[in-house]
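Asks: Take this structure first; my questions come after.
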Amino acid sequence: MAANIRQAAPKINPKPGSSGSSFTQVVNFLGGKQVFKQAITSKLDVHEVILKGIPGGALTYMVKHIKTMKPADLVQAVGVSIRTVQRRTGAPQKPLSQDQGGRAWKFAEVLTTATDIFGSQSEAEKWLTTPAVALDQRRPVDLLSSPAGVEMVEQLLGRLEYGVYT
């Protein structure tokens, strides 16, 4: 009998920072309603969109809307080539692979979290591309290509958010 009961996925409203930028901020950095056809309001929605394939237009939108970062840094973090970005410009509905979509979403999450902490997207991008003592003089953006690196960057952002000397 309990198997027939369906429960709605909980809506999560993470607070800014602490790897919890709002879904709206992340979706908007990926192109918002002009790229995504459905609303994304929960982690389950994010999971489904990544499984189906984030539209390639999200990638081209991100590249066009970075402020101080070099496009090469962004595409390296997402795991695509500049040529792939160029192809996606001509076919914005062609989906990214699950890996590329997951990395694009994570990049947008990290950037929006850093933006909340540093006060502007430009400052967040500067931080992402500057070697950090707490990361053994590695640039945070260079660590976003692996899950372990993402975790280190998110932990550092959490420490910075709460004023923990690093």
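The values are calculated or read from the model by the stated rules, or taken from the named source; none is laboratory data. Treat the numbers as computed from the prediction; the structure is a model and nothing was measured. Here Cβ is always computed from backbone atoms with ideal geometry, including for glycine, and neighbour counts include all displayed protein chains. Side chains included, ligands, DNA and RNA excluded: accessible areas come from the protein's heavy atoms. Shrake-Rupley method; radii C 1.70, N 1.55, O 1.52, S 1.80 Å.
Asks: Check the stretch 132-143 and report whether any residue there is farther than 18 Å from Phe29 by Cα and of a type in the set (Gly, Ala, Ser).
Replies: Checked against the condition, which is being farther than 18 Å from Phe29 by Cα and of a type in the set (Gly, Ala, Ser), the stretch 132-143 yields at least one hit.
Asks: Return yes when Leu96 is under 29 Å from Thr130 (Cα atoms), of a type in the set (A, V, I, L, M) and either open to solvent by 60 Å² or more (accessible area, probe 1.4 Å) or at pLDDT 90 or above (or both) and no when it is not.
Replies: yes
Asks: For the stretch 139-157, name all the residues that are open to solvent by 20 Å² or more (accessible area, probe 1.4 Å) and either part of a helix (DSSP H, G or I) or touching a Lys or Arg at 6+ places or on another chain (Cβ under 7 Å) (or both).
Replies: Asp142, Leu143, Pro147, Ala148, Glu151, Met152, Glu154, Gln155
Asks: A further question on this structure: Considering Leu51, Leu44, which residue is hydrophobic (A, V, I, L, M, F, W, C), modelled with pLDDT of 90 or more and either touching a Cys at 6+ places or on another chain (Cβ under 7 Å) or surrounded by 13 or more Cβ atoms within 10 Å (Cβ to Cβ) (or both)?
Replies: One residue alone meets the criteria, Leu44.
Asks: Shifting gears a bit: Taking into account only those residues within the stretch 116-138 that are touching a residue at least 12 places away in the same chain (Cβ under 8 Å) and over 17 Å from Lys70 (Cβ atoms), which is surrounded by the fewest Cβ atoms within 10 Å (Cβ to Cβ)?
Replies: Among those residues, the one meeting the criterion is Val133.
Asks: Does Gly79 satisfy the criteria of being under 18 Å from Ser145 (Cα atoms), open to solvent by less than 70 Å² (accessible area, probe 1.4 Å) and in contact (Cβ under 8 Å) with a residue 60 or more places away in the chain?
Replies: yes
Asks: So is Val85 in contact (Cβ under 8 Å) with a residue 24 or more places away in the chain, open to solvent by 40 Å² or more (accessible area, probe 1.4 Å), farther than 21 Å from Val46 by Cβ and of a type in the set (A, V, I, L, M, F, W, C) or not?
Replies: Criteria not met by Val85.
Asks: Of the residues Leu51, Leu74, only one is assigned to a helix (DSSP H, G or I) and under 13 Å from the mean Cα position of the chain (by Cα); which?
Replies: Of Leu51, Leu74, the one residue that is assigned to a helix (DSSP H, G or I) and under 13 Å from the mean Cα position of the chain (by Cα) is Leu74.
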